[in-house]
Amino acid sequence: MTPALFDIALTAFVTLFVIIDPLGLLPIFIGLTQGSSAAHKRRMALKGTLIGGCILVFFALFGDRFLDLLGVSLSAFRISGGIMLFIIALEMVFDKRTQRREHNAGELKGAKKTHEDISVFPLAIPLISGPGAIASVMLLMSANKNDVLAQGVVFAVLAGVLSLCLILFFLAGRLEQFIGDTITHVISRVLGIVLAALAVQYILDGLKIGLLG
């Protein structure tokens, strides 16, 4: 790898690692899948990572044209993602997810327990492929739009960061058992507050970009 390509790879890795934040997503994933079976957690991890990756690849290739075609600004995308994430955060803080799960289990009356599908929302979007990640891949591709090899490096780095997310998600079940139910409940609520702050930041960033340009 040439020094120029190494610089591109390093820039892409630092950007995507910080924005997607695999280490930060791990405890959030544990909170979102609390009480689910190991098989369900693996399925959600694989499905969510694949869907999030496909969304990022799509926007990396066609993002500018797609948003222009719909007449949607990136600031509006940030605001909508923040609102959706804020709703999930409230559910985590007030434990509405657990109450809803218990209510559904009671209605099933002994039938096979089902678990909520969190792979598309909020795991794939906005947690993995949120406005920040989408904007990042669009900017990285745009900065190297005349260099196919450099764009390939960006895609390779993106695949590496997503693979790291998947590996950490697969370890979530063991970590949850090690932590225990009580600590998991505490972490879920604390992370709900963090998610709420992150959601508000998405909204503020969207408003700032939209108003100031």
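The values are calculated or read from the model by the stated rules, or taken from the named source; none is laboratory data. Keep in mind it's a predicted model, so treat the numbers as computed, not measured. Every residue, glycine among them, receives a Cβ derived from its backbone with ideal geometry; neighbour counts consider all protein chains shown.
The figures follow:
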quantity	calculated
Cβ-Cβ under 8 Å pairs, at least 6 apart or on other chains, region 135-159 side closer than 26 Å to D205 by Cβ, far side surrounded by 14 or more Cβ atoms within 10 Å (Cβ to Cβ) and among the acidic types (D, E)	M138/D64; S142/D64
Residue match in region 67-85 (condition: more than 22 Å from A197 (Cα to Cα), outside any helix (DSSP H, G or I) and modelled with pLDDT of 85 or more)	yes
Residue match in region 89-112 (condition: modelled with pLDDT of 70 or more, among the charged types (D, E, K, R), touching a helix residue (DSSP H, G or I) at 6+ places or on another chain (Cβ under 8 Å) and within 26 Å of A12 (Cβ to Cβ))	no
Selection from region 141-159 of residues that are over 14 Å from I128 (Cβ atoms) and surrounded by fewer than 15 Cβ atoms within 10 Å (Cβ to Cβ)	S142, K145, N146, D147, V148, L149, G152, A156
Complete set of residues in region 53-87 that are of a type in the set (V, I, T) and touching a Phe, Trp or Tyr at 6+ places or on another chain (Cβ under 8 Å)	V57, I79
Qualifying residue in region 22-40 (condition: touching a residue at least 40 places away in the same chain (Cβ under 8 Å), within 27 Å of H185 (Cα to Cα), of a type in the set (F, W, Y) and assigned to a helix (DSSP H, G or I))	yes
Residue in region 123-143 that is over 30 Å from L5 (Cα atoms) and touching a helix residue (DSSP H, G or I) at 6+ places or on another chain (Cβ under 8 Å) present	yes
Where I8 falls short, out of the listed (1) crowded, with 16+ Cβ neighbours inside 10 Å; (2) within 20 Å of the chain's Cα centre (by Cα)	(2)
Members of region 24-71 that are among the aromatic types (F, W, Y) and surrounded by fewer than 16 Cβ atoms within 10 Å (Cβ to Cβ)	F58, F62, F66
